[in-house]
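To start, the structure itself, in structure tokens.
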Amino acid sequence: MASGHIVASFDDDLAELNKMLARLGGLAEKQFADAIDALERRDIQNIDEIIARDAELDEMEFDLNERGIEIIALRAPVAQDLRRVIVTLKVASVLERIGDYAKNVAKRSRVIIEHENNKSDNVSLARMAALVQQMLNQVLDAYVSGDADLAMDVRDRDMEVDRLHTSLFREMLARMSENPEQVSASSHLLFIAKNIERIGDHTTGIAEQIFFLRNGQFPSDERPKADKSSVSALGRN
Amino acid sequence: MSYEGENKIQSTGVQVYYGETRALHGIDLNIGANEVTSLIGPSGCGKSTFLRCINRMNDVIEGCRVEGSVFIDGDDIYADHMDVVELRARVGMVFQKPNPFPKSIYDNVAYGPRIHGLAPTKEALDHMVETSLRRAGLWQEVHDRLGDTGSGLSGGQQQRLCIARAIAVNPDVVLMDEPCSALDPIATAVIEELIEELKSEYTIVIVTHSMQQASRVSQKTAYFHLGNVVEFGDTSQIFSNPKNTQTEAYISGRIG
């Protein structure tokens, strides 16, 4: 909608809700980036701080929720305005969830850093993390600019995340069977990979919400999926 | 006899002129039986003018000319042989301000059946008055004072009395022109609940300035602007995902 509301304070309310979501998104993105950074640099210093900061995300989501409900109660939004408020509430809860995954990555990273016998760098994990970070960043841009095409572009890239996850899963199974002393670290690494893969899925969900916001309907095609880790086993491809 | 959703009223190319001024520019609108259709739009958009075409209330306005056609149950209501008095019994109307006759509650409701000769006996008339007042949700409140004057009732009660009066002649269609604009929210809710109940027996067309009333009571909504129907569709679609940007601007309170 190009033109503003006749009651201009309604526009102010919606703008404020958008700002709250942008801040929430920014913090969720930072939490995820910091957790990956701590793992990659084997830096244990920041981990407590990342874990503690999750409470801020929870609080921001709570505040946004209250503001959204207030707007529905007082302004009775319809059509795109209503979709804007509902989508913002949903995306906020997804971002809060992404924060939970980031916190879990941080927790597991600490175990890996403290207990691994030899440094177990993983190329697939690094690529996955970088890709999902980029997707999350772009989906938040797409939300702010209302760019449904960019959102769909992000959604398409989730296939690559799924492929990387499947390949990493197989690699880890092989590594654990060859090096029993790495089972502990590798298991945690597997869960971290799963967390990242889930963040990718949630990012895709946000992309679909942006599409809905713009078009009043969800994308008609089935979301492409390529995660085969749940059917993978040793000795089988 | 019509069935729910089946076209009850078919209008084609309806144009209305007030002297030289064209108020409606060719309205094609089909209104389903036993459902509520809301006509919304800014003041002067032609929604009330269109409503009045459905029972030829425009006939009484000097200099008003109607072109195009309106069919109810397949009957051309603008045909030469159409009896307008009979038409208005088939198509009842409720107005913005409750306008009970300066008569008793009983006589307000009995008026229509009397002039149309619908009640052969006093008992039959009593029965019609009671049934109509019951359907209008007013019986409980007035049954022990039917001889009191109608204008002594509260605004909401008066409006329900007018609804009872409209349905006493057993119409197929009830037209309502902003029926709640003079009522408080409680009386409004009572009327809205009544509309919901009445739609099983009547086809209802309502003009309203309250977007929320349109979304609460109707199954279909038509958005009028400058004498045209800009968009017509399921009320849920119009209010959640209008196809037309003008409709979206109007319902969401934007400068169109």
Which numbered condition A:Met60 fails, given (1) among the aliphatic types (A, V, I, L, M); (2) more than 22 Å from A:Asp141 (Cβ to Cβ); (3) more than 14 Å from every other protein chain (Cβ to nearest Cβ); (4) touching a helix residue (DSSP H, G or I) at 6+ places or on another chain (Cβ under 6 Å): (2)
Helices (runs of 4 or more DSSP H) wholly inside the range B:145-256 that include at least 2 residues being hydrophobic (A, V, I, L, M, F, W, C), on the phi < 0 side of the Ramachandran plot and within 14 Å of chain A (Cβ to nearest Cβ): B:211-217, B:235-240, B:245-251
A:Arg110 vs. criteria within 30 Å of B:Tyr250 (Cβ to Cβ), more than 14 Å from every other protein chain (Cβ to nearest Cβ) and part of a helix (DSSP H, G or I): no
Lone qualifier among A:Ala2, A:Ala8 - being at pLDDT below 95, within 14 Å of another protein chain (Cβ to nearest Cβ) and more than 17 Å from A:Gly146 (Cβ to Cβ): A:Ala8
Top-ranked residue in the range B:217-240 [being surrounded by fewer than 18 Cβ atoms within 10 Å (Cβ to Cβ) and in contact with a helix residue (DSSP H, G or I) (Cβ under 7 Å, 6 or more places away or on another chain); ranked as nearest to B:Ser181 (Cα to Cα)]: B:Gln219
Checking B:Tyr18 against (1) under 18 Å from B:Asn170 (Cα atoms); (2) surrounded by fewer than 16 Cβ atoms within 10 Å (Cβ to Cβ), the condition it does not meet: (1)
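Tell me the residue from B:Val205, B:Val174, B:Val169 that is in contact with a His (Cβ under 8 Å, 6 or more places away or on another chain) and under 30 Å from B:Asp107 (Cα atoms), please.
Values: B:Val205 fails: in contact with a His (Cβ under 8 Å, 6 or more places away or on another chain); B:Val174 fails: in contact with a His (Cβ under 8 Å, 6 or more places away or on another chain).
Answer to the check: B:Val169.
I'm trying to understand the selection: among the residues of the range A:178-237, which are free of Cβ contacts under 8 Å to residues at least 24 places away in the same chain and aromatic (Phe, Trp, Tyr)? Spell out the reasoning first.
The first filter runs over the range A:178-237 and keeps only residues free of Cβ contacts under 8 Å to residues at least 24 places away in the same chain, leaving A:178-180, A:183, A:187, A:190, A:217-218, A:220-222, A:230-231, A:235-236.
Scanning the range A:178-237 gives a single hit, A:Phe218.
How many residues are under 30 Å from A:Asn46 (Cβ atoms), of a type outside the set (A, V, I, L, M, F, W, C) and touching a residue at least 40 places away in the same chain (Cβ under 8 Å) if we restrict to the range A:59-87? Can you show your working first?
Of the range A:59-87, the ones under 30 Å from A:Asn46 (Cβ atoms) are A:59-65.
From what's left, of a type outside the set (A, V, I, L, M, F, W, C): A:59, A:61, A:63, A:65.
Applying the additional criterion that residues be touching a residue at least 40 places away in the same chain (Cβ under 8 Å) yields A:63.
Matching residues across the range A:59-87 total 1.
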Failed condition for A:Asp34, given (1) touching a strand residue (DSSP E or B) at 6+ places or on another chain (Cβ under 6 Å); (2) under 22 Å from A:Val132 (Cα atoms): (1)
Residues within the range A:73-95 that are assigned to a helix (DSSP H, G or I), at the interface with another protein chain (Cβ under 10 Å from one of its Cβ atoms), surrounded by 19 or more Cβ atoms within 10 Å (Cβ to Cβ) and hydrophobic (A, V, I, L, M, F, W, C), tallied: 1
Qualifying residue in the range A:206-218 (condition: under 18 Å from A:Leu21 (Cα atoms), crowded, with 20+ Cβ neighbours inside 10 Å, more than 14 Å from chain B (Cβ to nearest Cβ) and of a type in the set (Val, Ile, Thr)): yes
Matching option when the condition is among the acidic types (Asp, Glu), surrounded by 19 or more Cβ atoms within 10 Å (Cβ to Cβ) and part of a helix (DSSP H, G or I), among A:Glu70, A:Glu61, A:Glu56: A:Glu61
Selection count, the range B:135-173, where residues are within 19 Å of the chain's Cα centre (by Cα) and either aromatic (Phe, Trp, Tyr) or farther than 20 Å from B:Thr188 by Cβ (or both): 6
Filter result (under 20 Å from the mean Cα position of the chain (by Cα) and loosely packed, with under 13 Cβ neighbours inside 10 Å) within the range A:1-21: A:Lys19
Test: residue in the range A:13-31 that is touching a Leu at 6+ places or on another chain (Cβ under 9 Å), within 14 Å of another protein chain (Cβ to nearest Cβ) and either closer than 30 Å to A:Met128 by Cα or not in a loop (DSSP other than H, G, I, E, B) (or both): yes
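Please verify whether the range A:100-110 includes one or more residues that are among the hydrophobic types (A, V, I, L, M, F, W, C) and either under 22 Å from A:Arg223 (Cα atoms) or surrounded by fewer than 22 Cβ atoms within 10 Å (Cβ to Cβ) (or both). Write out each step before concluding.
In the first step, residues of the range A:100-110 are kept if they are among the hydrophobic types (A, V, I, L, M, F, W, C); the result is A:102, A:105-106.
Right, trim to either under 22 Å from A:Arg223 (Cα atoms) or surrounded by fewer than 22 Cβ atoms within 10 Å (Cβ to Cβ) (or both) and you get none.
Checked the range A:100-110: no residue is among the hydrophobic types (A, V, I, L, M, F, W, C) and either under 22 Å from A:Arg223 (Cα atoms) or surrounded by fewer than 22 Cβ atoms within 10 Å (Cβ to Cβ) (or both).
Looking only at the range A:172-197, count every residue that is farther than 22 Å from A:Glu114 by Cα and buried (at least 18 other Cβ atoms within 10 Å of the Cβ) and tell me the total. Give the steps one after another, and end with the answer.
So the first thing to find is which residues in the range A:172-197 are farther than 22 Å from A:Glu114 by Cα, and the list is A:174, A:197.
From what's left, buried (at least 18 other Cβ atoms within 10 Å of the Cβ): A:197.
Going through the range A:172-197 one residue at a time, the tally reaches 1.
Checking the conditions here, which among B:Gly44, B:Gly32, B:Gly68 is part of a strand (DSSP E or B) and on the phi > 0 side of the Ramachandran plot? Please lay out each step first, then the result.
On the way: B:Gly44 fails: part of a strand (DSSP E or B); B:Gly32 fails: on the phi > 0 side of the Ramachandran plot.
Selected residue: B:Gly68, the only one of B:Gly44, B:Gly32, B:Gly68 that is part of a strand (DSSP E or B) and on the phi > 0 side of the Ramachandran plot.
The values are calculated or read from the model by the stated rules, or taken from the named source; none is laboratory data. Owing to the predicted nature of the structure, the values given are computational and were not obtained by experimental measurement. Positions of Cβ are backbone-derived with ideal geometry, glycine not excepted, and every protein chain shown enters the neighbour counts.
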